[in-house]
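The values are calculated or read from the model by the stated rules, or taken from the named source; none is laboratory data. Just so it is clear, the structure is predicted and the values come from calculations on it, not from any experiment. Using ideal geometry, Cβ is built from the backbone for each residue, glycine included, and neighbour counts are taken over all protein chains shown.
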Amino acid sequence: MTPHAEVIGDPIAHSKSPLIHGFWLEKLGLAGEYRATHVKGDDLADFFVRRAHDPAWRGCNVTVPHKLAVLDQVPDPGDVRGMIGAANTVFRGEDGALIATNTDAAGFLSPIADLDLNGRPVVVVGAGGAARAVLFALARSGVGKVTILNRTPLKGAGLLAQFGLKGDALPLTAKLPAAALLVNTSVLGMTGHDPLDLDLSPLPDDAVVYDIVYAPLETPLLRAARARELEMVDGLEMLVGQAAVAFELFFGAPPPREHDEELRARLLA
Ligand code: ATR
């Protein structure tokens with residue numbers, strides 16, 4: 001039977017994951033399938049029971065609104081439950097048992113793998129689910145002071161404490177501190193939402209501005225970074241980065257990242 005994996009969510013029609021995984025399967029010439037499956041909350045438990053009995057099923061990516069509920073459906077939520085508190089991937093361990101994990105943290109770091117963050121100050125905008133994966137990754141990278149800017153600063157303060165990070169949680173109106181990296185994890189800048197309007201002038205010339213929003217690809221934040229000629233990372237890079245980690249868990253081979261430009265063009269088409 002052909003190995004297969006999928007992405008589940010409600011809604012799911014707009015997911016880019018089938019395109020990404022399908023592209024890599026095709027480039028590698030691997031026999032495998034990856035599709036999008038609409039699963040409602042009430043059907044989640046039943047979904048995992050059925051899939052667990054399918055030996056060709058390699059796992060799934062999990063998107064809104066199931067990222068928390070999925071932790072109750074698998075025997076091994078790993079360190080995900082305690083730390084990031086949400087999973088985006090379920091795969092089979094060596095004994096075939098289902099394991100939940102979160103590839104967003106590694107996916108976030110992959111486009112900035114060459115950036116030495118050790119001891120350096122970072123600004124994170126937002127304090128929701130995406131911020132948790134980013135802060136988890138940053139804590140493991142040994143970052144210095146972390147400033148969280150959020151509509152609700154108290155949520156930011158809670159995350160700093162949870163991830164053992166030193167820093168401040170401030171409102172979105174606060175003056176930006178100098179930082180090696182500025183990351184937007186909030187919905188600001190996303191199609192249909194207000195733009196993230198920050199004065200980037202306090203950032204040094206070698207700062208990196210990273211927006212995990214990918215619709216639109218060039219957010220107002222990245223436009224401001226371009227005007228300052230700062231290095232930029234957009235949301236498609238993180239999207240592809242987190243998919244790459246999941247692909248290897250599903251299909252046992254690293255994806256062919258040398259084709260990233262072609263993949264990007266397809267994602268933007
Ligand atoms: P996700 O899980 O994708 O991170 P989320 O948990 O809903 O989504 O978090 C969304 C982030 O965008 C939060 O930081 C949220 O701010 P609050 O913590 O104050 O809720 C932020 N956000 C959402 N709508 C916003 C708005 N209209 N103005 C400013 N920030 C907003």
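Of all residues in the stretch 68-83, those satisfying the criterion of being within 16 Å of the ligand (Cβ to nearest atom) and either outside any loop (DSSP other than H, G, I, E, B) or more than 22 Å from Ala161 (Cβ to Cβ) (or both) are Ala69, Val70, Leu71. Can you say whether Pro55 is farther than 13 Å from Thr101 by Cβ, in a loop (DSSP other than H, G, I, E, B) and within 16 Å of the ligand (Cβ to nearest atom), as far as the supplied structure shows? So Pro55 does not fit the description; no.
Of all residues in the stretch 185-223 being within 16 Å of the ligand (Cβ to nearest atom) and part of a strand (DSSP E or B), which is surrounded by the fewest Cβ atoms within 10 Å (Cβ to Cβ)? Can you show your working first?
Here is the first cut: in the stretch 185-223, the residues within 16 Å of the ligand (Cβ to nearest atom) are 185-198, 210-215, 219-221.
Next, only the ones that are part of a strand (DSSP E or B) stay: 210-211.
Numbers: Tyr210: 26, Asp211: 29.
For the stretch 185-223, the residue satisfying everything is Tyr210.
Across the stretch 82-95, the qualifying residues are those that are out of contact with any Lys or Arg (no Cβ under 7 Å at 6 or more places or on another chain) and in contact (Cβ under 8 Å) with a residue 40 or more places away in the chain, and the one among them that is farthest from Val62 (Cα to Cα) is Met83.
Determine whether Ala169 is buried (at least 18 other Cβ atoms within 10 Å of the Cβ) and under 16 Å from the mean Cα position of the chain (by Cα).
On the way: buried (at least 18 other Cβ atoms within 10 Å of the Cβ): yes; under 16 Å from the mean Cα position of the chain (by Cα): no.
So Ala169 fails the test.
Assess whether Leu217 counts as being over 29 Å from Tyr34 (Cβ atoms), under 17 Å from the mean Cα position of the chain (by Cα) and outside the structural domain of Ser15 (by TED's automatic domain parsing). For Leu217, the condition - over 29 Å from Tyr34 (Cβ atoms), under 17 Å from the mean Cα position of the chain (by Cα) and outside the structural domain of Ser15 (by TED's automatic domain parsing) - is not met. For the stretch 18-52, filtering for residues that are assigned to a helix (DSSP H, G or I) and within 16 Å of Phe91 (Cα to Cα) leaves 9. Checking each residue in the stretch 26-69 for being crowded, with 18+ Cβ neighbours inside 10 Å, within 23 Å of Arg266 (Cβ to Cβ) and without any contact (Cβ under 8 Å) to a residue 40 or more places away in the chain picks out only Ala36. Scanning the stretch 224-269 for residues that are of a type in the set (Lys, Arg) and not in a helix (DSSP H, G or I) gives a single hit, Arg228.
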